[in-house]
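The values are calculated or read from the model by the stated rules, or taken from the named source; none is laboratory data. All figures in this text were calculated on a predicted structure; none of them were measured in a lab. All Cβ positions, glycine included, derive from the backbone under ideal geometry; neighbour counts span all protein chains shown. To get the accessible areas, we keep the full protein, side chains included, count just its heavy atoms, and leave off ligands, DNA and RNA. Shrake-Rupley method; radii C 1.70, N 1.55, O 1.52, S 1.80 Å.
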Amino acid sequence: MPALASLVSWKSLRGWISACNSPEVPNHGLDGTVITWFSSYLSGRIQHVQLTSTTSTLSAIVCCVPQGSVLGPILFVLYVADLLSLVRRHQLSPHAFADDVTQIYGLCRPGSTDDLSRRVSICIDDVSSWMRANWLQLNPSKMEVLWCSSV
(Lines give C-alpha, C1' and ligand atoms only; values in the text may rest on other atoms or scores of the structure.)
Protein backbone atom coordinates (compact mmCIF):
# COMPACT_ATOMS: atom_id res chain seq x y z
CA MET A 1 0.00 0.00 0.00
CA PRO A 2 1.44 3.40 -0.88
CA ALA A 3 2.24 6.10 1.58
CA LEU A 4 -0.71 8.19 2.65
CA ALA A 5 -0.72 11.85 1.77
CA SER A 6 1.34 13.90 4.19
CA LEU A 7 -1.27 16.66 4.15
CA VAL A 8 -4.16 15.58 6.31
CA SER A 9 -7.15 17.79 5.71
CA TRP A 10 -7.31 20.29 8.55
CA LYS A 11 -11.09 20.56 8.18
CA SER A 12 -11.49 16.77 8.35
CA LEU A 13 -9.14 16.47 11.31
CA ARG A 14 -10.80 19.37 13.09
CA GLY A 15 -14.19 17.77 12.42
CA TRP A 16 -12.91 14.48 13.84
CA ILE A 17 -11.51 16.23 16.90
CA SER A 18 -14.71 18.13 17.58
CA ALA A 19 -16.77 14.95 17.04
CA CYS A 20 -14.72 13.05 19.64
CA ASN A 21 -17.23 14.06 22.29
CA SER A 22 -19.97 12.27 20.33
CA PRO A 23 -20.77 8.66 21.35
CA GLU A 24 -20.77 7.64 17.66
CA VAL A 25 -17.14 8.66 17.11
CA PRO A 26 -14.29 6.73 18.75
CA ASN A 27 -12.34 9.20 20.88
CA HIS A 28 -9.34 6.89 21.45
CA GLY A 29 -9.34 7.81 25.12
CA LEU A 30 -9.08 11.56 24.60
CA ASP A 31 -10.98 13.72 27.03
CA GLY A 32 -12.36 17.22 26.53
CA THR A 33 -9.18 18.97 27.69
CA VAL A 34 -6.97 17.14 25.18
CA ILE A 35 -9.51 17.63 22.39
CA THR A 36 -9.65 21.37 23.16
CA TRP A 37 -5.84 21.49 23.18
CA PHE A 38 -5.55 19.77 19.77
CA SER A 39 -8.28 22.00 18.35
CA SER A 40 -6.49 25.10 19.63
CA TYR A 41 -3.21 23.84 18.16
CA LEU A 42 -4.78 23.49 14.69
CA SER A 43 -6.76 26.74 14.73
CA GLY A 44 -5.61 30.22 13.79
CA ARG A 45 -2.35 29.22 12.09
CA ILE A 46 -0.78 31.60 9.57
CA GLN A 47 2.24 31.49 7.28
CA HIS A 48 4.29 33.62 4.93
CA VAL A 49 7.13 33.12 2.47
CA GLN A 50 10.35 35.06 2.64
CA LEU A 51 12.91 35.28 -0.15
CA THR A 52 15.92 37.41 0.74
CA SER A 53 14.38 40.73 1.88
CA THR A 54 10.95 40.22 0.29
CA THR A 55 8.14 38.76 2.41
CA SER A 56 4.72 37.69 1.20
CA THR A 57 1.53 38.67 2.95
CA LEU A 58 0.32 36.44 5.78
CA SER A 59 -2.08 33.66 4.77
CA ALA A 60 -4.24 31.44 6.94
CA ILE A 61 -3.31 27.74 6.97
CA VAL A 62 -6.55 25.85 6.44
CA CYS A 63 -5.54 22.54 4.89
CA CYS A 64 -3.05 20.55 6.94
CA VAL A 65 -1.26 19.67 10.13
CA PRO A 66 1.99 21.66 10.29
CA GLN A 67 4.85 19.74 8.67
CA GLY A 68 7.68 18.81 11.01
CA SER A 69 5.62 19.40 14.12
CA VAL A 70 5.93 17.18 17.16
CA LEU A 71 2.17 16.62 17.23
CA GLY A 72 1.89 15.88 13.49
CA PRO A 73 2.66 12.14 13.74
CA ILE A 74 0.43 11.73 16.80
CA LEU A 75 -2.48 13.45 15.10
CA PHE A 76 -1.92 11.38 11.96
CA VAL A 77 -1.96 8.10 13.90
CA LEU A 78 -5.19 9.14 15.65
CA TYR A 79 -6.66 10.23 12.33
CA VAL A 80 -5.92 6.90 10.58
CA ALA A 81 -6.73 4.62 13.52
CA ASP A 82 -10.09 3.85 11.91
CA LEU A 83 -8.29 2.87 8.71
CA LEU A 84 -6.17 0.36 10.61
CA SER A 85 -9.34 -1.07 12.18
CA LEU A 86 -10.92 -1.29 8.73
CA VAL A 87 -8.00 -3.42 7.50
CA ARG A 88 -8.27 -5.69 10.55
CA ARG A 89 -12.01 -6.20 9.91
CA HIS A 90 -10.96 -7.99 6.70
CA GLN A 91 -8.85 -10.36 8.83
CA LEU A 92 -5.68 -8.74 7.48
CA SER A 93 -2.84 -6.99 9.32
CA PRO A 94 -1.71 -3.43 8.55
CA HIS A 95 1.85 -2.24 9.04
CA ALA A 96 1.94 1.48 9.81
CA PHE A 97 4.55 4.10 10.54
CA ALA A 98 4.03 7.52 12.14
CA ASP A 99 3.05 9.12 8.84
CA ASP A 100 1.84 6.38 6.51
CA VAL A 101 0.40 2.90 6.16
CA THR A 102 2.68 0.95 3.86
CA GLN A 103 1.77 -2.72 3.98
CA ILE A 104 -1.15 -5.03 4.50
CA TYR A 105 -0.41 -8.64 5.39
CA GLY A 106 -2.57 -11.71 5.07
CA LEU A 107 -1.89 -15.37 5.74
CA CYS A 108 -3.79 -18.46 4.66
CA ARG A 109 -3.54 -22.20 4.18
CA PRO A 110 -2.86 -23.46 0.64
CA GLY A 111 -6.52 -24.34 0.07
CA SER A 112 -7.72 -20.83 1.04
CA THR A 113 -5.82 -18.67 -1.44
CA ASP A 114 -8.98 -17.65 -3.31
CA ASP A 115 -10.54 -16.40 -0.07
CA LEU A 116 -7.40 -14.42 0.85
CA SER A 117 -7.23 -12.92 -2.63
CA ARG A 118 -10.89 -11.87 -2.36
CA ARG A 119 -10.39 -10.35 1.12
CA VAL A 120 -7.34 -8.35 -0.04
CA SER A 121 -9.22 -7.05 -3.07
CA ILE A 122 -12.28 -6.02 -1.04
CA CYS A 123 -10.02 -4.48 1.63
CA ILE A 124 -8.21 -2.33 -0.96
CA ASP A 125 -11.58 -1.15 -2.31
CA ASP A 126 -12.70 -0.26 1.22
CA VAL A 127 -9.38 1.49 1.97
CA SER A 128 -9.76 3.53 -1.20
CA SER A 129 -13.31 4.53 -0.23
CA TRP A 130 -12.22 5.42 3.32
CA MET A 131 -9.38 7.55 2.01
CA ARG A 132 -11.62 9.46 -0.41
CA ALA A 133 -14.10 10.11 2.40
CA ASN A 134 -11.27 11.40 4.63
CA TRP A 135 -9.54 13.69 2.13
CA LEU A 136 -6.58 11.37 1.52
CA GLN A 137 -5.32 10.02 -1.78
CA LEU A 138 -4.46 6.43 -2.65
CA ASN A 139 -1.90 6.17 -5.45
CA PRO A 140 -2.68 2.97 -7.42
CA SER A 141 0.52 3.31 -9.49
CA LYS A 142 2.53 2.67 -6.30
CA MET A 143 0.54 -0.40 -5.25
CA GLU A 144 2.09 -3.85 -5.53
CA VAL A 145 1.05 -7.31 -4.44
CA LEU A 146 3.67 -9.77 -3.23
CA TRP A 147 2.32 -13.32 -3.06
CA CYS A 148 4.55 -15.81 -1.23
CA SER A 149 3.89 -19.48 -0.74
CA SER A 150 5.59 -22.61 0.47
CA VAL A 151 5.17 -26.20 -0.57
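Listed values, structure above:
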| item | result |
| --- | --- |
| Zone of residue 144's modelled label, taken as backbone nitrogen in the stretch 77-92 under 12 Å from a point 7 Å along Cα→Cβ | none |
| Separation of the residue 126 and residue 70 label points, Cα + 7 Å toward Cβ, nm | 3.7 |
| Mean separation of Cα contacts under 8 Å, 6 or more apart, over the residue count of the stretch 90-151: relative contact order % | 22 |
| Total formal charge among the other residues, if their Cβ is under 15 angstrom from that of residue 121, Lys/Arg +1 and Asp/Glu -1 | -2 |
| ³J(HN,Hα), Karplus 6.51/-1.76/1.60, whole Hz, each residue of the stretch 74-84, x for Gly, Pro | 5, 4, 5, 4, 4, 5, 9, 4, 5, 5, 5 |
| Computed FRET value (nearest 0.05) for residue 88 with residue 46, which takes r as the C-beta separation and R₀ as 35 Å | 0.35 |
| By accessible area with a 1.4 Å probe, ligands and nucleic acids excluded, highest first: order of 105, 41 | 105, 41 |
| Sites residue 59 and residue 105 - FRET efficiency at Förster radius 35 Å, r taken between beta-carbons, to 0.05 | 0.25 |
| Cβ-placed point charges (K, R +1; D, E -1), dipole of the stretch 87-151 about Cα centre in debye, nearest 20 | 160 |
| Residues whose placed amide H lies under 5 Å from that of residue 61, excluding near-sequence neighbours | 45, 46, 47 |
